[in-house]
Structures are given as C-alpha cells and as structure tokens.
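Right, one structure below, let's go through it.
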Amino acid sequence: GNLNTARQFLAASGTQTAALAFGGNPLTGATEEYNGSSWSSVSSLGTARSSLAGAPQGTTSSTLAFGGSTFTTATEEFTTTIYSPIAATWASGGNLNTTRNALSGAGTLTAGLVAGGTSPGVAFETVAEEYNGSSWTNGGSLSVGRKLAATVGIQTAGVQLGGIKAPANTTTNEVEDYNGTAWTGGTSFIVGR
C-alpha cells in the first residue's frame, strides 16, 4: 500500500508487516502505521522535520525520532501499550548532544545509536551518540565523517554503510562496524550509494 502523505527524507521503524513512517519533506510531522497491507495516520511528531533518523529496530508501539532538517537536537519517543486507553503518542526525550541532520540511527527506544550527519559549520560529522531511554551520551567516533548513510543493528553491534563522505563529497561503499565502544572498518560493498 502507498503512504497517505507523499514525502522524502523521512524516517521509519519496524518490520514488513508492522512499521511506522514519520517526518519528511515537504516538512511534516505526519506519522503513519503500516499493518502489512495499508497505512493509517497516527499521532504526529511534536516537531515537524525531514532528514531525521529513527530507531529502525523500534516497533509500532515503541521507537525514537531524532535530529533533522531544522538542525535540531530534539528527540521524541513514540510509545503505546495495550493497557492504555489513549492512542499512541510522541513525547519529548533527551536532546542529542550534537545538533545535526542527514544522520542515521539504529537500535531501540531504550538503547538507541546515532552516527554521522551534518551540523552547522560541519559538513561531515564523525560523532556517534548512544541513548539509554532518557539521555544521550557520546560514543566512539566514526573513522570518516559521513552523512546520508544507513545504520543498522543495535547499540552494541551496529553497522554504518555507504553515504556521502568527506572530503570529496562523494558516495562511498565503505562500511564501519560498532561494538558499543569504537568503530572499525568493515567489508566494503560493491557500489557506493
């Protein structure tokens, strides 16, 4: 099924049959839930933004949204339970330490990971941060600053793939692995993107 709101530079969480899509360009806070066949609108982000990151391993009842096109440090937590009579909502979480957009993230609501991106005056960030459910702390830095990369995995076993890297501002096929402390070079893939 198609999204109800056409957009680019959005973030997502979940699986093929239970996913959330949120934010995007044109600038929106729209959040939609996917059940395997169709999308339905749910609570919008408190801060409309694009080029944000989310916790891909999150679920339709628990995920994160952070950073974004407005160069914000804002983090929002999406939660719902079967015991709550109130629909799922976004709530403010702890702010990122480094303001940025075009970042990528992995992990869950209580063990999130963000790396890279761009911030005012810095085209290619190397900074990584870890989220514990309430606040962000700095983690190990990427070997090479990148933006618009993909990050997958969990906080203690993450992988960042591709993106646009410094200093040439070109796509890369490089991979870095994160062990919860430091990033190390991984096996590159065939085509940079």
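For the chain, the solvent-accessible area works out to 44 Å² per residue, with a probe of 1.4 Å and every protein chain left in place. Counting every C-alpha pair in the stretch 39-111, the share spaced more than 22 angstrom apart comes to 18%. Taken one residue at a time, the phi angles of the stretch 133-144 give Karplus couplings (6.51, -1.76, 1.60, θ = phi - 60°) of x, 9, 8, 9, 10, 5, x, x, 8, 4, 5, 10 Hz. Gly and Pro are set to x.
Listed peptides 137-143, 160-166 appear in the order 160-166, 137-143 once ranked by packing, highest mean of other Cβ atoms within 10 Å at the front. The GluC sites (Glu not before Pro) of the stretch 44-145 include none that meets both conditions, a loop assignment by DSSP and at most 10 other Cβ atoms within 10 Å of the site Cβ.
Along its three principal directions, the equivalent ellipsoid of the stretch 1-81 from the Cα gyration tensor extends over semi-axes of 19, 14, 10 Å, largest first. As a length-normalised measure over Cα pairs under 8 Å and 6 or more apart, the relative contact order of the chain settles at 13 percent. Once the dipole of the chain is set up with Lys and Arg at +1 and Asp and Glu at -1 on Cβ about the Cα centre, which of Asn169, Thr184, Phe9 lies farthest towards its positive end? Of the candidates, Asn169 comes out farthest on the positive side.
Using θ = phi - 60° in the Karplus curve 6.51 cos²θ - 1.76 cosθ + 1.60, the 3J(HN,Hα) couplings for the stretch 173-179 round to 9, 6, 10, 10, 9, 10, 9 Hz; x is entered for Gly and Pro.
Leaving out ligands, DNA and RNA, and with a 1.4 Å probe, what % of the accessible surface on the stretch 78-189 is carbon or sulfur? For the stretch 78-189, the apolar C and S fraction of the accessible surface comes to 56 percent.
The values are calculated or read from the model by the stated rules, or taken from the named source; none is laboratory data. Please read these numbers as outputs of a predicted model, since none were measured by experiment. Because the Cβ atoms are built from the backbone with ideal geometry, glycine has one as well, and the counts that use them run over all protein chains shown. To get the accessible areas, we keep the full protein, side chains included, count just its heavy atoms, and leave off ligands, DNA and RNA. Shrake-Rupley method; radii C 1.70, N 1.55, O 1.52, S 1.80 Å.
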